[in-house]
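The values are calculated or read from the model by the stated rules, or taken from the named source; none is laboratory data. Computed from a predicted model, the values in this text were never measured in an experiment. Cβ coordinates were reconstructed from backbone atoms using ideal geometry, including for glycine residues, and neighbour counts include every protein chain displayed. These accessible areas exclude ligands, DNA and RNA; they are computed on the full protein's heavy atoms, side chains included. Shrake-Rupley method; radii C 1.70, N 1.55, O 1.52, S 1.80 Å.
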Amino acid sequence: MTFSRDIFFRKSKLMNRNMEKFGEKMENLNQLLAVKKQKLEKLKVLGVDPYPTRSFRTHKIKVLINNKNDFISSEEVVTITGRLKTMRRQGKVGFGNITDDSGNLQIFVKKDTVGEENYEIYKLLDLGDFVQIKGVCFNTQRGEFSLRAHVVTVLGKSLLPLPTVKEKIVDGKKQRFDEFTDIELRYRKRYLDLLLNPEVKKNFEIRAQIIKEIRSFLDEKEFMEVETPILQPLYGGANARPFVTHHNTLNVDLYMRIALELYHKRLIVGGIERVFEIGKNFRNEGMDRTHNPEFSMLELYQAYADYNDMMDLTEDMVVHIAKKVNNKEAVTFGDTEISFQKPWRRASMIDLVKEESGFDAADFDFEKIKSFCEEQGIDVENTAGPGKLIEALFEKFVEPKLVQPTFVIDFPKEISPLAKVKPGHPNLTERFELFINGNEYGNAFTELNDPIDQRQRLEAQSKLREMGDVEANVVDEDFLEALEYGMPPTGGLGIGIDRLVMLFTNNTSIKEVIFFPQMKPEE
RNA sequence: GGGGGUGUAACUCAGCGGUAGAGUAUCUGCCUUUUAAGCAGAGAGUCGACGGUUCAAAUCCGUCCACCCUCACCA
């Protein structure tokens, strides 16, 4: 007997503390389990294997529902499989609802029809059990399309009771009772969440669809999907603190990647002109509504392109997703209607700061910017230069106002160590971030392909690191060497998949779009 | 890390100093077209953990844990 199973999980501390008392208590705690086990035994006595090796079905439930009249008039004998979700038994007859991943169908089991022995088996069923029902479709007296069982077969007994959620249809609207809503339980036991809250599954279906559409869009544009290392001897491509792990055989520490960027650029060097990857990044940082320590990114790199091309590509890709997922070039998030109609606004960071704060930072005058920041109550870190302060002003004054899709372009060079300088503007780079609804959704550059400049930039980052900036980039000699062999002019783009899914599913928490979000251990 | 909130039966919750409650689920009985099926009955809880105050704590106080919200941090 396993005591560590779900409903006893919380009680397990007791086991350490007081074994005897726990033993007594288990009598009570086990009651539900014991009942189910008794049923298992009874099934075995009846010669029924509660966990048979084979199952069989002729139709998914949706097929029956979509062709009700045909199945009723033909009286075709069909077999469905699924989980028993509700049960209404009354003496020598009973009803229940079976769900498979396509739908939900009422079954009608009558003692006279299935026979005495099979009816005994039916009576031993519990909510949550997997069953196979062979029978014929018909309409009940109340007019509900149902399956009249000829044979009830057990496919898998459940031992733990599913939380009970009941539904009633009032004026065509579903009313739910005793919903499974405890957020902590929903995240920790996502399988129950999926089972009991159908709209949760919908979120993840949209997620899958978005990813599928990204793939087909990029495939159409002849991007090659690649896989690059998650375990890396050095990390880079973003400003973030990494997770560290250890490889025993090599006896080296390895980092979990924080970005895909540097390996993709190596592939561009290698002559693959268009690459993309959808994968997990890992950042050892704070968690909140929009941050999970592991999260999904799309990165793509295109040779002979620049950040203007990346803006066009981003527009086209998001419009493509919106049309496929939402059937229109727009999405409603909360009360806000977001329009993806091209073209999206493109405005420089410095112009936007000036527009919203009245402050002109175009001259990069450090003392001037610093005193304005201090006036505005912005903390000035000791490693901050004018570029970082401009970004801070941007975050404070501009970010929350960018509701409709906006490309914020031309970031300070100081905070963009992997982006190419904007011609004629030594303090700026050809970089943009995409903002929607006040949140960042993407980041892109005309990629820096000058190995000498790149080395200087990484060395400058390294100095910041020495001064205490734990998120500054590290110098990656192997990457620099690749650049020295020559990288073509390249445009690169990163899109946060989770946030995009949040946008299209109208969710404000990243935990709603990640099946198993990071949670603290329970003990 | 700061502030606020929540934690009671398998699920949803009530109780907020006098020794544990409801509905659902489970079990028993009745019921051959129900659908939140119904009727009658039963069992089921270290009231998140630890400590304190009190004759008496689910309830008051403190500490801790988990989760949620919010601010800070963080591309």
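Which condition does residue A:278 not pass, out of (1) open to solvent by 50 Å² or more (accessible area, probe 1.4 Å); (2) of a type in the set (Val, Ile, Thr); (3) touching a strand residue (DSSP E or B) at 6+ places or on another chain (Cβ under 6 Å), if it passes all the others?
Exception for residue A:278: condition (1).
How many residues are open to solvent by 40 Å² or more (accessible area, probe 1.4 Å) and either assigned by TED's automatic domain parsing to the domain that holds residue A:433 or not in a helix (DSSP H, G or I) (or both) when one looks only at region A:371-395? Talk me through it step by step, then tell me what you get.
Going residue by residue through region A:371-395, those that are open to solvent by 40 Å² or more (accessible area, probe 1.4 Å) are A:371, A:374-377, A:379-382, A:388, A:391, A:395.
Going one step further and asking which of them are either assigned by TED's automatic domain parsing to the domain that holds residue A:433 or not in a helix (DSSP H, G or I) (or both), we end up with A:376-377, A:379-382.
Total meeting the criteria: 6.
Under 7 Å between Cβ atoms, at least 6 apart or on separate chains: pull out the pairs that start in region A:376-397 with a residue that is over 16 Å from residue A:409 (Cα atoms) and end on any residue that is of a type in the set (Phe, Trp, Tyr) and outside any helix (DSSP H, G or I).
Going by the 7 Å Cβ cut-off, the qualifying pairs are A:386/A:364.
Checking residue A:115 against (1) on the phi > 0 side of the Ramachandran plot; (2) open to solvent by 30 Å² or more (accessible area, probe 1.4 Å); (3) more than 9 Å from RNA strand B (Cβ to nearest atom), which single condition isn't satisfied?
Failed condition: (2).
Take the residues in region A:227-275 that are among the aromatic types (Phe, Trp, Tyr) and crowded, with 19+ Cβ neighbours inside 10 Å, then tell me which one is nearest to residue A:475 (Cα to Cα). It would help to see each step written out before you state the result.
In the first step, residues of region A:227-275 are kept if they are among the aromatic types (Phe, Trp, Tyr); the result is A:235, A:243, A:255, A:263.
Next cut, crowded, with 19+ Cβ neighbours inside 10 Å only: A:235, A:255, A:263.
Numbers: A:235: 9, A:255: 14, A:263: 14 Å.
Result: A:235.
So which strands (runs of 3 or more DSSP E) stay within region A:396-448 end to end and still have 2 or more residues that are charged (D, E, K, R), within 22 Å of residue A:291 (Cβ to Cβ) and open to solvent by 10 Å² or more (accessible area, probe 1.4 Å)? So that I can check it myself, show each step before the final result.
Details: elements: A:406-409, A:425-429, A:431-436, A:439-446.
The strands (runs of 3 or more DSSP E) meeting that bar are A:431-436.
From the list A:147, A:159, A:124, A:155, pick out the single residue that is in contact with a Phe, Trp or Tyr (Cβ under 9 Å, 6 or more places away or on another chain), aliphatic (A, V, I, L, M) and over 16 Å from residue A:110 (Cβ atoms). Even if it seems obvious, please write down each step before you answer.
Numbers: A:147 fails: over 16 Å from residue A:110 (Cβ atoms); A:159 fails: in contact with a Phe, Trp or Tyr (Cβ under 9 Å, 6 or more places away or on another chain); A:124 fails: in contact with a Phe, Trp or Tyr (Cβ under 9 Å, 6 or more places away or on another chain).
Result of the check over A:147, A:159, A:124, A:155: A:155.
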